[in-house]
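Notes follow once the structure below has been shown.
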Amino acid sequence: MTSAPHLLNEDRPDFEHALDDALRTVLDDAMDGGSGPAPGAAARADPPLNAEQLRTLALASVDAINQAAAKEYEAYCAIRIESREAAQDAARNRANRHFGYAAMGVADRAGSGAGLAPVLAVLTPLLAGAAAVIFLIIGYALAAVSPEPAIAGPLRTAGWFFAVITAAAVVLGVVGLLLTAVRDGSGAIHDAPDSLPPEVGRARLHWRETLLSSGMLPFLDEVLDEALTRRAAPGPDVPVPPAASRIPRLGYSRPTFSSPHDPRPTAPRFSSPDYSSPDWGGPEHAPE
């Protein structure tokens, strides 16, 4: 028997959302006296555990709960990986095609190629900026000469003209980049529920439904039943936390202390030595 795959971090929000739905269902059934879909397991007028305690126990048993929907989860992960790979391949091909069109300066048959626009957007600021710098430097350098040459004024005017062209080309290039980013971003595949491909959305929904019906609801019902049994069982023993059997043990337990069989305390017995006076009464009373 194969074990359930480990729940990925990106799927934990879906797990927690399904857990919230299961908690509402179980606790509502308990408050209604078990009139829900599982009256035999949820007929608990006074639940021994609150929602936060049940949530903590469920999050500590994520893999065990997901075992009930292991097949659906594997199918969902496989479809999602295939969809992401297909989207990445399409984006890579589109980027390579656009790069080729920009380098060659031609358009494809459908007219969706970049053409000369990207080339001009890149070259115009460079060439205009270089011309502006050269003309301005020469124009103001000639202005320092006395008398000033007649060509100094037109050079400065041409320099400022190319500076304006450079600024306009930079602004247009930035706007074009933003528009391209928005257009390409709208076709990207994200993991939001509304943007998932249809097959991925169906697999995700099927996994969550199976997880809720076959994993979480039975788990919570069993935890509550076990807690009710422990609360109803009389005895002097120290109560064990509910559903402790579902929490993994570390392989050791606390030592067991017990009283001796004889309840009366035993202590060493001491007695004073038996001292007596010597039988001595003087010379006339010699001892026999």
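Numbers below:
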| item | result |
| --- | --- |
| Subset of region 1-32 [in a loop (DSSP other than H, G, I, E, B) and modelled with pLDDT of 55 or more] | P5, H6, L7, L8, D32 |
| Scan of region 74-97 for residues that are more than 21 Å from the chain's Cα centre (by Cα), open to solvent by less than 90 Å² (accessible area, probe 1.4 Å) and over 13 Å from P197 (Cβ atoms), ordered by number | D89, A91, R94, A95 |
| From G100, G185, G176, residue being at pLDDT 75 or above, outside any loop (DSSP other than H, G, I, E, B) and open to solvent by less than 60 Å² (accessible area, probe 1.4 Å) | G176 |
| Filter result (open to solvent by 50 Å² or more (accessible area, probe 1.4 Å), touching a helix residue (DSSP H, G or I) at 6+ places or on another chain (Cβ under 7 Å) and over 24 Å from V122 (Cα atoms)) within region 135-150 | I138, Y140, E148 |
| Evaluation of R109 against (1) of a type in the set (D, E, K, R); (2) exposed (fewer than 13 other Cβ atoms within 10 Å of the Cβ); (3) at pLDDT 80 or above (one fails), failing number | (3) |
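The values are calculated or read from the model by the stated rules, or taken from the named source; none is laboratory data. Just so it is clear, the structure is predicted and the values come from calculations on it, not from any experiment. Reconstructed Cβ throughout: ideal geometry from the backbone, glycine too, with neighbour counts over all protein chains shown. SASA here: full protein model, heavy atoms, side chains in, ligands and nucleic acids out. Shrake-Rupley method; radii C 1.70, N 1.55, O 1.52, S 1.80 Å.
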